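Okay, structure first, notes after.
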Amino acid sequence: MADGEPDPQDRKPRSTFGPTVLLGLAGGTLAAVAGNQAWVSIDDGGSGDAAFASTASVGGDLTAPPVTATALVLLATWGVVLVTRGRVRRAVAWLGLLAGLAVVGFAVAAWAARPGEVADDLRTLDLGTGRTLWAYVGVVAGGAGLAASVIAVRGVRSWPEMGRRYDAPATSADAAVASLEDGVPPEEQSSIDLWKALDEGRDPTDGPAH
């Protein structure tokens, strides 16, 4: 391999960044939406009692709130992963993995148990229950979010990070000094870095400070 050519092993983890983030955000969003929809369908057998039964069952609640709650936590971790670096980023990636496991766990539990719970609540009406499409969507979306979190934990160290120019103003001066000390050309510095250098009496066109 020629000198200066990127190592293919380094490019591979970076290439997973965009697709993994999109998968994680899509899975978390879809799971959050699905958890807020009805997961149980009610079969009235043609008697016309389905609407009444839906209202009577658990106060009309046929949804899966824990799925929505944990999916929102999963989405929050992806937001933090996008704007942090280093150890904090890796720790949040692990937190996202835990949130993904929780989403899948609650989704599978709701998929398996909710029809039976609603049927018990409506046993005096002698109505059948089943699962809606949202129940399946919630499980699949949770699985997608979990898969993205696993990939994130494994590859987050090699993912591109947000540049220092987006840091809080308190750290901008440190970034400017670091850029000058590293000999970064003026055209590659941000306007804030250049102004900070001038304020400190430094010439941003000079080489590394000695």
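Of all residues in segment 8-37 being modelled with pLDDT under 90 and either crowded, with 17+ Cβ neighbours inside 10 Å or not charged (D, E, K, R) (or both), which is farthest from A107 (Cα to Cα)? Per the criteria, the residue is P8.
Looking at the structure I just gave you, is S41 at pLDDT below 80 and touching a Leu at 6+ places or on another chain (Cβ under 9 Å)? No, not satisfied. Comparison of A51, A112 shows that the only residue that is loosely packed, with under 14 Cβ neighbours inside 10 Å, at pLDDT 90 or above and farther than 30 Å from V156 by Cα is A112. Scan segment 115-137 and give yes if some residue there is at pLDDT 85 or above, part of a helix (DSSP H, G or I) and of a type outside the set (A, V, I, L, M, F, W, C), otherwise no. The answer is yes, given that some residue of segment 115-137 is at pLDDT 85 or above, part of a helix (DSSP H, G or I) and of a type outside the set (A, V, I, L, M, F, W, C). Across segment 58-98, the number of residues qualifying as outside any helix (DSSP H, G or I), of a type in the set (S, T, N, Q) and buried (at least 23 other Cβ atoms within 10 Å of the Cβ) comes to 0.
None of V92, V104 is free of Cβ contacts under 8 Å to residues at least 24 places away in the same chain, assigned by TED's automatic domain parsing to the domain that holds A26 and within 16 Å of A147 (Cα to Cα) except V92.
The values are calculated or read from the model by the stated rules, or taken from the named source; none is laboratory data. A quick note: this is a predicted structure, and the numbers were derived from the prediction, not measured. As a convention, Cβ positions derive from the backbone with ideal geometry for all residues, glycine included, and neighbour counts pool all protein chains shown.
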